[in-house]
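Peer 1: Here it is, the structure, as structure tokens.
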Amino acid sequence: MQKICRLFFVLFLLVPLFTQAQKASEFNFSKQGSWSFKSNINGNRAEFAALTKNVAVVAEWFHQNIPIMTNPKGFDLSAVSWGIWDNRYKKRNCNYSIRCELNFGFQMFLTSGGKWTVEPPSYEFDINNTETGHGTNFNFNGFDETKDNASLEVSMNKTAGELNDLFQVFPFEKEIVPGVSLYGDGQLIVFNPDRPPFWIPVTLKELADITLAYYTAFKSKEMGEIMLDQLKKELAELTDEELSAPAYQGDPKHFVLNANGRKEGLQIMRFNPDYWDRSLPASAIQFMTLWNPRMSEVEMDEFYKNNGYKHFGQQIISSMNWNGLAGLISRKK
């Protein structure tokens, strides 16, 4: 019985090795692949067609300048652009250029025939999107037509929108080249360094005033009056010095105004509407946000062992021509 148990134990330890070998043999890395670009940016406005042309230029730049994309081997490389916009986003003062996403799908060939086409490994990034490259935007509810008084629609949406324009920013790490900056969590920002800063700080007082306006507009809702009273108590405990300081997320004593002016936590900012060069068309590419997985060689090897292929996103970032990438940002001629 003990021998049988030991045998099962040994087989249990070997299962990962068998699995890895099978995964590595699933793909045909010797087969030459192809390149394609497709746009799903739809609309009858001329600026949508212009944006598609501009994004196609960006996609082709990656195709020509990233080695694994220039000569796709072991996979077909499918570049697809997607439009992402809505009425709330377009109405915000901080937004100008039309935003979209560019996705590169690595449709790997299978040794059994065919290729991986349903959600294959991919790398994507955002263009002209003010809601990426940082922490999550605030998420406060606006007017609810099924529950709220119609007379409050404007004030509710205005105050909720002002709060939702705010976000937490990861610490700045370094300038890679002029026009490309790296922030914490591997966030990469590609921008025009000759323009005003793309993010601007918010003071604790500004945040307090917006929050006060929000709960004043929502005081008739369930818990609204209680939250408003609690907020007023929290504001009374803050000094003028702290209120005038930049706002940072988190406070152990306060839960309605969950922020501080003591530089503790992540800084709260908003996108600067003056960053945009509004003499350029809305289809111009003025801002891009990418992500660096920041995997070490050991982690890359481990990823390969576990998945049977290398991490494509890290390969792209590791071979990036940063000056060339920065040159894709539109400027006045």
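Peer 1: In degrees between 0 and 90, to the nearest 10, how far off the longest principal axis of the chain does helix 297-307 point, with axes built from Cα atoms?
Peer 2: 70
Peer 1: Let me have the relative contact order for the stretch 158-227, percent, based on Cα pairs under 8 Å that are six or more residues apart. Walk me through the numbers before you get to the answer.
Peer 2: Values: 54 pairs, mean separation 17.2, N = 70.
In percent, rounded to a whole number, it is 25.
Peer 1: Then there is this: What ³J(HN,Hα) values, in whole Hz, does the Karplus curve 6.51 cos²θ - 1.76 cosθ + 1.60 give for the stretch 253-262 when θ = phi - 60°, with x put for Gly and Pro?
Peer 2: With the stated coefficients, the stretch 253-262 comes to 9, 10, 10, 7, 8, 7, 7, 9, x, 10 Hz.
Peer 1: Using a Gaussian network for the chain with springs between C-alpha atoms less than 10 Å apart, which of these wobbles most: Gly184, Gly142, Gly43?
Peer 2: Gly43
Peer 1: Using a Cα-Cα cut-off of under 18 Å, which lysines could be cross-linked to Lys90, ignoring same-chain neighbours fewer than 8 residues away?
Peer 2: Qualifying lysines at Cα under 18 Å: Lys158.
Peer 1: Give the order of Met320, Met223 when sorted by the count of other beta carbons within 10 angstrom, beginning with the fewest.
Peer 2: Met223, Met320
Peer 1: If amide hydrogens are placed 1.01 Å from N in the peptide plane, which non-local residues have theirs closer than 5 Å to the one on Asp165?
Peer 2: none
Peer 1: For the stretch 131-138, what does the Karplus curve 6.51 cos²θ - 1.76 cosθ + 1.60, with θ = phi - 60°, yield as ³J(HN,Hα) per residue in whole Hz, taken in order and with x for Gly and Pro?
Peer 2: Computed from phi, the couplings for the stretch 131-138 are 9, 10, x, 8, x, 5, 4, 4 Hz.
Peer 1: In the Gaussian network model of the chain, springs joining C-alpha atoms below 10 Å, which of Gly133, Gly83, Gly308 carries the largest mean-square fluctuation?
Peer 2: Of the options given, Gly308 has the highest mean-square fluctuation.
Peer 1: Please tell me the relative contact order of the chain in percent, rounded to the nearest whole number, where contacts are Cα pairs under 8 Å and at least six residues apart.
Peer 2: Working: 570 pairs, mean separation 65.7, N = 333.
Computed value for the chain: 20 percent relative contact order.
Peer 1: On to the next question. With the cut-off at 1.5 for a/c, could you classify the stretch 111-235 from its C-alpha gyration tensor as rounded, prolate or oblate? Please list the in-between numbers first.
Peer 2: Working: a/c = 2.90, a/b = 1.60, b/c = 1.81.
Taking the square roots of the gyration eigenvalues as a ≥ b ≥ c, the stretch 111-235 is oblate.
Peer 1: Now for a separate question. By counting other Cβ atoms within 10 Å of each Cβ, how are Cys100, Cys94 ranked from fewest to most?
Peer 2: On the way: Cys100 24, Cys94 17.
Lowest count first: Cys94, Cys100.
Peer 1: Nearest 10 degrees is fine. How inclined is helix 224-236 to the longest principal axis of the chain, computing both from alpha carbons?
Peer 2: So the helix axis and the longest Cα principal axis differ by about 80 degrees.
Peer 1: Pairing the Cα long axis of helix 2-24 with the longest principal axis of the chain, what angle in degrees results, from 0 to 90 and rounded to the nearest 10?
Peer 2: 80
Peer 1: Could you run the Karplus curve 6.51 cos²θ - 1.76 cosθ + 1.60 with θ = phi - 60° over the stretch 53-63 and give me ³J(HN,Hα) per residue in whole Hz, x for Gly and Pro?
Peer 2: 4, 5, 5, 4, 5, 4, 4, 5, 4, 4, 4
Peer 1: I would also like to ask the following. Is the shape of the stretch 166-220 rounded, prolate or oblate, going by the alpha carbon gyration tensor and its root eigenvalues a ≥ b ≥ c, with a/c under 1.5 for rounded and a/b larger than b/c for prolate?
Peer 2: Working: a/c = 3.69, a/b = 2.63, b/c = 1.40.
Prolate, since a/c reaches 1.5 and a/b exceeds b/c.
Peer 1: Given H placed 1.01 Å from N in the peptide plane, which residues other than close sequence neighbours of Lys38 have an amide H under 5 Å from its amide H?
Peer 2: The answer is Ala79, Val80, Ser81.
Peer 1: Taking all pairs of different Cα atoms in the stretch 132-189, averaging 1/r and flipping that mean, what Kirkwood radius in angstroms comes out?
Peer 2: The Cα-based Kirkwood calculation yields 13.7 Å.
Peer 1: What is the stretch 263-333 by shape, rounded, prolate or oblate, if you read a ≥ b ≥ c off the alpha carbon gyration tensor as root eigenvalues and call it rounded for a/c under 1.5, prolate for a/b larger than b/c, and oblate otherwise?
Peer 2: Since a/c reaches 1.5 but b/c is at least a/b, the shape of the stretch 263-333 is classed as oblate.
Each reported figure results from applying straightforward, stated rules to the coordinates on display, with no laboratory input. Note that the structure is predicted; figures quoted are calculated from it, not measured. Heads up, the Cβs are rebuilt from the backbone with ideal geometry, glycines too, and the neighbour counts pull from every protein chain shown.
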